[in-house]
Each structure stands twice: as C-alpha cells, then as structure tokens.
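The values are calculated or read from the model by the stated rules, or taken from the named source; none is laboratory data. A quick note: this is a predicted structure, and the numbers were derived from the prediction, not measured. Cβ: placed from backbone, ideal geometry, glycine included. Neighbour counts: every protein chain shown. Remember, those area values only see protein heavy atoms, side chains included, never the ligands or the DNA or RNA. Shrake-Rupley method; radii C 1.70, N 1.55, O 1.52, S 1.80 Å.
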Amino acid sequence: MAVYTHLGAEDLARLIAQYDVGELVSAKGIAEGVSNSNWLVETIGAEGSGARFILTLYERRIDYADLPYFLDLLDHLSAKGCPVPRTMHDRAGASFRMVEGKAAALIEFLPGVSPTRPTAAQAHSVGAVLARMHLAARDFPLSRANAMDFAASAAILDACGADRLASIHPDLPAMLAHAHSAAAIDLSALPASQTHTDLFPDNVLMRGDKVTGLIDFYFACTGPMVLDLAVTHAAWCFDAAGQYIADCGTALVAGYESIRSLEPAEVALFPAIAKGACLRFVASRAEDWLETPDDALVTRKDPMQFVERWRFYDEAGAGLLA
Ligand SMILES: Nc1ncnc2c1ncn2[C@@H]1O[C@H](COP(=O)(O)OP(=O)(O)OP(=O)(O)O)[C@@H](O)[C@H]1O
Ligand SMILES: N[C@@H](CCO)C(=O)O
C-alpha cells in the first residue's frame with residue numbers, strides 16, 4: 001500500500017494540466033514504497049505521442065524545505081548524463097506544487113526493474129554509476145545535512161532505550177555502545193559530495209546489467225562519498241540468509257574505482273564506516289518496529305539483519321578492501 005491520499009480523476013487531470021506534458025490518459029496507484037503516495041501517470045500529446053511519469057505526493061518524513069534540494073539534485077545529475085529521473089516543471093517553472101495541502105512532484109518515468117538477487121556484474125555497474133553520480137554532484141550548489149548521520153543513529157537508539165530494544169531482540173541493546181563509538185568517528189576530512197545514502201537494490205532500476213535509474217533520493221545529503229559506498233556495499237552484498245557475497249562486494253568496489261579511486265583515508269576507514277552505516281539501518285528499523293502496530297498493513301523491516309551485517313564488517317576489519 002502506497003497510496004495514502006485519494007485523488008479523483010478530476011483532481012489528477014487538473015494537476016496534470018498545470019504541466020506541458022499532454023493530456024492525462026491514465027493514473028494508476030503504485031503499491032511499492034511506504035513513505036509517499038505514488039502514481040504511474042500516462043499522458044498523450046497533441047501529436048499523439050505518449051509519455052509516462054511518476055506522480056509523487058509527499059506524505060511523511062519529508063521536510064518541504066528540503067524539496068528544492070532533492071528535486072534540483074535530480075535535474076543537476078540528469079543534465080550531466082547520470083541515470084536519474086528529471087523533475088518536470090509546471091508552466092510557472094515550479095518543481096513541485098501543493099495539492100490537497102500536500103506537496104506533489106511529477107517525475108520522469110525511467111524503465112527497468114529492481115534486482116532481487118543482484119549479481120556481481122550488476123553490483124559492478126551500480127558501483128560505477130554511484131561514482132559517476134558523486135563526481136557529477138560535486139559542483140551542485142545546494143547542500144543538505146545528513147539527518148541520519150551516525151550521531152542521529154545513536155540518538156535514535158538511545159530514545160528507543162535498552163529495554164524496548166531488548167523486546168525486539170536480546171542482542172539489540174549491545175548496539176547502543178557501538179552506535180556511540182561510530183558517532184565519535186571524525187569524517188570531516190574525507191572527500192565529500194552529494195550522496196544518496198539509501199541506495200538499496202529497490203532504489204535502483206536496471207535492464208540486465210545496465211543501470212537505467214537511481215530513484216528515491218529522499219535521504220540524499222551532503223557528506224563523505226565513502227559513506228555512500230559503504231551503505232551500498234551493506235545493502236547489495238549479502239544474500240537472503242545474511243551471507244556475504246564476496247564477488248558482489250569486490251565487483252561493487254571495483255566498479256566504483258573504475259570511475260573514482262578511493263583515497264587511502266577512505267580505504268582505512270571503510271570497515272568502521274560500514275559498521276556505522278549498518279547501525280543507521282538498525283536504528284531506523286528498530287524505531288519503525290516499535291512505532292508500527294503489530295496489525296499494520298506495512299511489513300516491518302528486521303533490524304537484526306543489519307546487526308548481522310555489522311558483525312560481518314567487525315570481523316572482516318581491514319582485510320575487506322585489501
Ligand atoms: N522515476 C521512476 N521511474 C520508474 N519507476 C519509478 C520511479 N520512481 C519510483 N518508481 C516506482 O515507484 C516505486 C515507489 O517509489 P519510491 O521507492 O520512491 O517510493 P517511496 O514511498 O518514496 O519509497 P520508500 O518507501 O522506499 O521510501 C518504486 O519501487 C518504483 O517501482
Ligand atoms: N532502505 C531502508 C529504508 C529507508 O531508510 C531499509 O531498508 O531499512
């Protein structure tokens with residue numbers, strides 16, 4: 001379920017008429033995603049050519065003051081040839097409009113499907129596209145702080161509290177101290193750019209081994225590029241049983257370094273940053289777990305999955321990128 005707001009046919013047609021994208025033909029609610037309401041919109045131009053778009057109504061967790069950063073970043077990256085969707089601007093030039101009291105954006109539809117069991121070749125392509133994105137974003141004029149940085153993860157876990165964490169799993173409270181250790185890592189000297197920070201396979205569209213789209217930039221922020229690589233590594237390189245897939249990990253980093261070489265400081269800090277990245281998902285998943293009622297329609301994501309990945313990086317240490 002990811003259509004929280006009902007928009008009638010007339011509302012949709014009125015909205016689409018504000019853009020120079022032709023006439024509304026159909027709008028179908030998209031089931032995937034949990035944060036926002038999304039529709040696949042089809043239009044037809046005066047000359048009979050069809051076009052497809054994603055209409056997103058921002059429902060929660062997004063501060064509207066951040067929308068210019070997210071949407072302008074898509075346009076910046078797309079203009080530089082990165083596979084990200086462009087934002088359609090309305091006839092007045094605005095990248096988002098208010099509908100039913102909520103912000104709405106019309107975004108280019110990109111082809112492709114998200115891999116469920118990524119291969120090494122796909123991981124290589126994603127690594128290369130991530131590095132291209134980092135280089136293309138370095139002259140982006142806006143910036144945004146990471147609201148889910150390591151200090152925020154520690155604060156979220158603190159707010160959950162050891163007892164409630166233990167109610168999810170007895171091994172979770174031990175992660176509190178590790179989150180505070182991660183928060184103490186100094187990332188300030190690492191090379192920075194605009195980063196995605198949530199590049200899970202479900203946020204990448206692919207055709208075979210080719211990346212056709214990076215989507216869902218709503219955690220994007222200014223920060224260390226190696227953190228983005230570490231998040232992607234933790235999200236892509238483990239199988240359903242939690243086993244590390246070494247050839248995916250090697251391919252992801254090799255793909256990244258085919259475009260941008262990691263600096264020695266980034267290599268040295270990679271295992272510690274990967275552990276911090278795991279704790280970011282432990283924290284958000286634990287918080288969601290405690291806040292989501294047992295009978296909710298939304299499937300809760302298991303924080304322990306990222307505790308197990310944290311343990312992998314802890315054991316692998318410096319050997320991982322050697
Ligand atoms: N630009 C796009 N082109 C094609 N399909 C897209 C595009 N953007 C989103 N989608 C489709 O819509 C689905 C939901 O999008 P998205 O993941 O951004 O939703 P969300 O509710 O914001 O996400 P989440 O719950 O992951 O935070 C995606 O899984 C994908 O199938
Ligand atoms: N991709 C995240 C959800 C968004 O933060 C997760 O799998 O926990």
Task: Residues being modelled with pLDDT of 95 or more and open to solvent by 20 Å² or more (accessible area, probe 1.4 Å) - total across the stretch 291-309 - done: 3
Task: Of residues in the stretch 76-93 being within 15 Å of Thr195 (Cα to Cα) and part of a helix (DSSP H, G or I), the one nearest to ligand 2 (Cβ to nearest atom) - done: Leu77
Open item on the list: Filter the stretch 111-127 down to the residues that are surrounded by fewer than 19 Cβ atoms within 10 Å (Cβ to Cβ) and within 17 Å of the chain's Cα centre (by Cα) and list them by number.
Closed with: Gly112, Val113, Ser114, Pro115, Thr116
- [ ] Check Ala51, Ala13 and return the single one that is touching a strand residue (DSSP E or B) at 6+ places or on another chain (Cβ under 6 Å), of a type in the set (A, V, I, L, M, F, W, C) and modelled with pLDDT under 95.
- [x] Ala13
Task: Residue list for the stretch 257-290, restricted to those being surrounded by fewer than 19 Cβ atoms within 10 Å (Cβ to Cβ), in contact (Cβ under 8 Å) with a residue 60 or more places away in the chain and within 16 Å of ligand 1 (Cβ to nearest atom) - done: Glu287
TODO: Kindly provide the set of residues from the stretch 94-110 that are part of a loop (DSSP other than H, G, I, E, B), open to solvent by 30 Å² or more (accessible area, probe 1.4 Å) and either in the same structural domain as Pro191 (by TED's automatic domain parsing) or among the hydrophobic types (A, V, I, L, M, F, W, C) (or both), ordered by number.
DONE: Ala94, Phe96, Phe109
Task: Residue satisfying all of: in the stretch 310-322; at pLDDT 95 or above and not acidic (Asp, Glu); surrounded by the most Cβ atoms within 10 Å (Cβ to Cβ) among these - done: Trp310
- [ ] Kindly indicate whether Ala51 is part of a strand (DSSP E or B), more than 24 Å from Tyr218 (Cα to Cα) and open to solvent by 10 Å² or more (accessible area, probe 1.4 Å).
- [x] yes
Open item on the list: Being away from ligand 1 (no atom under 12 Å from the Cβ) and either within 13 Å of Tyr218 (Cβ to Cβ) or surrounded by 15 or more Cβ atoms within 10 Å (Cβ to Cβ) (or both) is the filter here; which residues of the stretch 72-93 pass it?
Closed with: Asp72, Leu73, Asp75, His76, Leu77, Lys80, Cys82, His89, Asp90
Open item on the list: Could you list, ordered by first residue, the pairs with Cβ atoms under 7 Å in which the first is in the stretch 41-66 and under 18 Å from Ala145 (Cα atoms) and the second is crowded, with 17+ Cβ neighbours inside 10 Å and among the hydroxyl-bearing types (Ser, Thr, Tyr), at least 6 apart or interchain?
Closed with: Ile62/Tyr218
Task: Cross-chain or 6+ apart pairs with Cβ under 8 Å, the stretch 293-322 first and more than 16 Å from ligand 2 (Cβ to nearest atom), then β-branched (Val, Ile, Thr) and modelled with pLDDT of 95 or more - done: Leu321/Val253; Leu321/Val267
Task: Selected residue (only one of Leu214, Leu187, Leu229 is touching a Pro at 6+ places or on another chain (Cβ under 7 Å) and within 16 Å of ligand 2 (Cβ to nearest atom)) - done: Leu214
- [ ] Grab the strands (runs of 3 or more DSSP E) fully contained in the stretch 134-238, keeping just those with 1 or more residues being within 16 Å of ligand 1 (Cβ to nearest atom), surrounded by 18 or more Cβ atoms within 10 Å (Cβ to Cβ) and free of Cβ contacts under 8 Å to residues at least 40 places away in the same chain.
- [x] none
- [ ] Could you check, for the stretch 174-193, whether at least one of its residues is farther than 28 Å from Glu266 by Cα and not aromatic (Phe, Trp, Tyr)?
- [x] no
TODO: Could you please let me know if Glu287 is within 12 Å of ligand 2 (Cβ to nearest atom), of a type in the set (Asp, Glu) and either more than 15 Å from Leu229 (Cβ to Cβ) or out of contact with any helix residue (DSSP H, G or I) (no Cβ under 7 Å at 6 or more places or on another chain) (or both)?
DONE: yes
Task: Condition met for Arg60 (part of a loop (DSSP other than H, G, I, E, B) and either touching a strand residue (DSSP E or B) at 6+ places or on another chain (Cβ under 9 Å) or outside the structural domain of Thr197 (by TED's automatic domain parsing) (or both)) - done: yes
Open item on the list: Just the residues that are farther than 20 Å from Ala137 by Cα and among the polar types (S, T, N, Q), please, taken from the stretch 226-274.
Closed with: Gln243, Thr250
